[in-house]
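Worksheet: one structure, shown below.
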Amino acid sequence: MFSDFKIRSLTAAGLTLLSFLILFLGSIYLKIFIFLLSAILIFEWMRIISQTQWIIRGLIAVIISFFVYFTDGYTALDLLFIISGSIIISSFSTYFNIPSFWSCFGFIYILSSLCFLEYLRNFENGFLAILLIISTIMVSDTSGYIFGKYFSGPKIFKKISPNKTYSGFFASIIFSILWFSILSIIYSLHQPIVFISIGLFIISFSIMGDLLISYLKRKTNLKDSGFILPGHGGLFDRADSIISVFFVLIPLVILMGQLDNPVKIILG
């Protein structure tokens, strides 16, 4: 287990440092980076859903994603690209008896999440807001993994994710909320009740994102989403929680009328 933990730690550290550098630089560097991440995640998603024609479905989604990422800003034209891509992917999936809903959902899920991450980064203090979100998710994942491994105990999601225990589940919530609260005291303008609620929101949907990928992998009898990250498996095995949080932040920001400055949701 120590060897496995060491490999996971080194891989996670390398990916974290690279992501931090790209987020800090922003601009075209971030755009290229998230497009590459998006391409990997899309191919992994299509393979998780069904191993039938997953490369072709992935290529269709990646090509459409390219036009969305590299047009000037996010406009109605990008929405047209997304709708057209969804129709093509759905039609292709249906023809080969592949779950069309899940193929289309994955395309929209990944694309919209990473687009929103880039959108958020372009605002003042967007870099800080993203770091608060991602670091909180990382603390949740790491504390859940460590406590689950060392203390084990009863399983909490036996059918969906049989490796998750009560000890890991509660540790991930407690330590991540504590981490988010400490950072919020330093950087946020929100009152304690507000930033604790935001922390719980982030953690809740990060866990749901993890469970969603676990559920889909179990349906197709896949252990890992891919093989690109040593000790973790695929990129989705590392990014599932992050993608889900940025995905649900989109409707939250719209409902709260903060689309003109979504940083306010996190930092006040």
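FYI, it's all coordinate maths here, none of it is from the lab. Remember, it's a predicted structure, so these values are computed and weren't measured experimentally. Cβ: placed from backbone, ideal geometry, glycine included. Neighbour counts: every protein chain shown.
Shown in residue order for region 13-22 are the 3J(HN,Hα) couplings computed by the Karplus curve 6.51 cos²θ - 1.76 cosθ + 1.60 at θ = phi - 60°: 5, x, 5, 5, 5, 5, 5, 4, 4, 5 Hz (x for Gly and Pro).
Shape analysis of region 62-163 based on the Cα gyration tensor places the equivalent ellipsoid semi-axes at 33, 25, 7 Å, largest first. Net charge around I110, counting only other residues with Cβ within less than 12 Å of its Cβ (Lys, Arg = +1; Asp, Glu = -1)? Result for the neighbourhood of I110: -2.
Seen through its C-alpha gyration tensor, with square-root eigenvalues sorted a ≥ b ≥ c, region 128-204 comes out prolate because a/c lies at 1.5 or above while a/b is bigger than b/c. What's the long-distance tail for region 113-171, i.e. % of Cα pairs beyond 17 Å? Of all Cα-Cα pairs in region 113-171, 52 percent lie more than 17 Å apart. So who's got an amide H within less than 5 Å of the one on K164, skipping anything under 5 residues away but keeping other chains? H placed 1.01 Å off N, in plane. For K164, the qualifying residues are I156, F157.
Taking Cβ atoms as reference points and 15 Å as the exclusive limit, the residues near R57 contribute a net charge of 0, counting Lys and Arg as +1 and Asp and Glu as -1. Reported to the nearest whole Å, the Cα centre-to-centre distance from region 105-168 to region 201-268 is 6. Take each peptide in 133-140, 178-185, count the other Cβ atoms within 10 Å of every residue, and average; sorted highest first, the result is 133-140, 178-185. Listed by Cβ neighbour count within 10 Å, with the fewest neighbours leading, L255, L114 appear as L255, L114. Relative protection proxy for 214-220, 115-121, from highest mean packing down: 115-121, 214-220 (other beta-carbon atoms within 10 angstrom). Counting only lysines at least 8 places from K264 when in the same chain, those with an alpha carbon closer than 27 Å to its own are K31. If you bin all the Cα-Cα distances of region 149-268 at 5 Å, starting from zero, the percentages per bin are 2, 10, 16, 19, 19, 13, 11, 8, 2, 0. Computed over the chain, relative contact order equals 20 percent, with contacts defined as Cα pairs under 8 Å that lie 6+ residues apart. Charge tally for I28 (other residues, Cβ to Cβ under 13 Å; Lys, Arg +1; Asp, Glu -1): 0. Based on the alpha-carbon gyration tensor of region 1-146 and its eigenvalue square roots a ≥ b ≥ c, which shape applies: rounded if a/c is under 1.5, prolate if not and a/b is larger than b/c, or oblate? Oblate is the answer for region 1-146, as a/c is 1.5 or above yet b/c matches or exceeds a/b. For K149, the lysines whose Cα comes closer than 25 Å to its Cα, not counting residues fewer than 8 places off in the same chain, are K6, K158, K159, K164, K217, K219, K223.
Diffusion coefficient (Stokes-Einstein, Kirkwood radius over C-alpha pairs, 10 °C, 1.306 mPa s) for the chain: 83 µm²/s, rounded to a whole number. Can you classify region 86-219 as rounded, prolate or oblate using the Cα gyration tensor, where a ≥ b ≥ c are the square roots of its eigenvalues, rounded means a/c under 1.5, and otherwise it's prolate if a/b beats b/c and oblate if not? Oblate shape, in that a/c is at least 1.5 and b/c is the bigger or equal ratio.
Summary value for region 85-206: 18 percent relative contact order, contacts being C-alpha pairs under 8 angstrom separated by 6+ residues. By the helix-only formula, in which each DSSP H run with n ≥ 4 contributes -39500 (n - 2.57) and the sum is divided by residues, the chain has a 222 nm mean residue ellipticity of -26500 deg cm²/dmol.
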